[in-house]
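Below is one structure, written out as structure tokens; the observations come after it.
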Amino acid sequence: MGVVHLILLGAAFFAKDYPCTNMVNACIFPFQMAPASRDLLSVWPALRVESAGLFVSSGEGRHPARKLRSFELILVQRGHLRLQEEKETLSARPGEVLVLHPGRRHRGLERYPEGLAFYWLHFRLPSRVSVPLKFPNLIRPVRPHRLVELFLWFLDDQQNGRMCEARARSIVLLMLEELLQPPPAPAETAGSWLATSVEETIAENFVHGPGLARLARKLGYSADYLGRVFKKAKGRTIAQYVRERRIDEARSLLVGSNLLLKEIAQRCGYANAPHFTRSFRKATGLTPQEFRVLYPSKHINLH
């Protein structure tokens, strides 16, 4: 990889402290970049960002049947979203991204399930760009929590009148770079399969956080072996993974609902609101109240 002078993309990290007119000069520094990231910088002049939002379903309506001239990114936060693009059926669950392409007709296959929540973004990449980017319909991003943070940043600036074209492009380029991140190298086949089984089991009931011993009994392995295999394959302990899932769910509920803190604590498996507040602050550096003020629920589109 060569050294590239990253201008606007890096400047986005500091955008809240700089006027939009000065963003080009705000941050110019050498940065080691992968080929995919260099391709993203090449499309900067042609990128056109339209709008974004957070959709939370009340159980009414369905995704409209339409053909757009823009890309649409959909990051599912809660529930299960099923769409169709041309003749292909698309399905996404929490942490997964659907990419709907311009010029292709898409529609919802069913009514929106109650509680379904997803972030959405529309942007254009004209066909004349020198390096056409190809996105599959379904992407499982390596760091979905990073995408959520970028969406929250975009929505907050959009709502509060701080958004401008340069800033919007910067944030969206960071989103696209996250989508192009290659998955980590696979671990040993047996260990990888077992670690995935642990994740799936925890996802079914992370609220109560099945202990290591109970997980081991359910999967038919010793607790010591299961813990070692999971840490080797995923780079963290099972307990750390459970805590991450709880915090991710708490972030989503804080932004996507009007639930009281004690209700969110209960839904995420915490003993009480003070325990939830301590854990959330340790993980994010903010209290739940501060997080909610930073990213207020007025961004939500209710249908």
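Nothing in this text is a laboratory measurement; each read-out follows from the coordinates by a stated rule. Remember, it's a predicted structure, so these values are computed and weren't measured experimentally. Cβ atoms come from the backbone with ideal geometry, glycine included; neighbour counts cover every protein chain shown.
Taking K and R as +1 and D and E as -1, what net charge do the other residues with C-beta under 11 Å from the C-beta of residue 271 add up to?
+2
Could you give the length gained on full extension between residue 193 and residue 89, defined as 0.36 nm per residue of separation minus the Cα-Cα distance, in nm?
Result for the pair: 34.8 nm of gain on full extension.
Grab the Cα-Cα distance for residue 134 and residue 149, subtract it from 0.36 nm times how many residues apart they are, and report the gain in nm with one decimal.
3.0 nm
Report the extension gain between residue 213 and residue 107 in nm, rounded to one decimal, defined as 0.36 nm multiplied by the number of residues separating them, less their alpha carbon distance.
Value of the extension gain: 33.7 nm.
Roughly speaking, what is the centre-to-centre gap between the stretch 233-277 and the stretch 110-179 when only Cα atoms are used, to the nearest Å?
24
Using 1/(1 + (r/R0)^6) with R0 = 35 angstrom and r between the beta carbons of residue 62 and residue 281, what's the FRET efficiency to the nearest 0.05?
0.35
Please list the equivalent ellipsoid semi-axes of the stretch 46-179, computed as the square roots of five times the alpha-carbon gyration tensor eigenvalues, in descending order and whole angstrom.
Here the semi-axes work out to 22, 18, 14 Å.
Using only the Cα atoms of the stretch 189-295, what semi-axes does the equivalent ellipsoid have when each is the square root of 5 times a gyration tensor eigenvalue? Give whole Å, largest first.
29, 13, 11
Could you work out the local net charge near residue 67, counting Lys and Arg as +1, Asp and Glu as -1, over the other residues with Cβ closer than 15 Å to its Cβ?
+3
In terms of modelled amide H atoms, which long-range or inter-chain residues lie less than 5 Å from the amide H of residue 49?
124
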